[in-house]
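A short write-up of the structure that comes next.
Read-outs throughout are calculated quantities, based only on the coordinates presented, and are distinct from any laboratory measurement. The structure displayed is predicted, hence computed values, not measured ones. Note that each Cβ is placed from the backbone with ideal geometry, even for glycine, and that neighbours are counted across all protein chains shown.
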Amino acid sequence: MLNAIVVGLGGFVGAVCRYLIGLIQVNEVTTFPIKTFFINVIGCIVIGIITVAVAKNISINPQMVLFLKVGVCGGFTTFSTFALETAELIKAGNPLIALLYMLGSVLVGVGVIFAVEYLSK
């Protein structure tokens with residue numbers, strides 16, 4: 001039960017951070033959802049760092065890993081928003097922007113995980 005509370009608290013932190021970033025005014029001149037894109041990339045960087053630290057057997061409390069990886073990152077990264085925005089772009093007649101957004105999010109996110117792992121060696 002304590003683990004569930006730890007994850008919930010982390011989720012609260014991540015969700016609030018996501019919300020606050022969403023309030024930042026960005027002069028968007030395109031329909032590309034730039035804030036969600038960067039939130040997903042930042043989330044990939046953070047979860048990559050946590051994963052590398054755990055893999056290197058750095059002494060981290062398992063509950064801290066749950067708090068950060070499952071809670072904070074889970075609450076912060078916005079994959080459900082990503083899916084919704086992609087569908088909205090397609091419905092709005094912007095399938096090429098939707099494709100760019102999907103490919104960019106996935107490729108950059110996965111690339112960042114590899115980069116963090118590589119740079120941590």
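Across the chain, Cα-Cα distances exceeding 25 Å account for 31% of all pairs.
Summed over qualifying helices (DSSP H, 4 residues or more, each -39500 (n - 2.57)) and divided by its residue number, the chain shows a 222 nm mean residue ellipticity of -24000 deg cm²/dmol. Report note on the peptides 21-27, 60-66: ranked by the mean count of other C-beta atoms within 10 Å, highest first, their order is 60-66, 21-27. Report note on the peptides 4-16, 102-114: ranked by the mean count of other C-beta atoms within 10 Å, highest first, their order is 4-16, 102-114.
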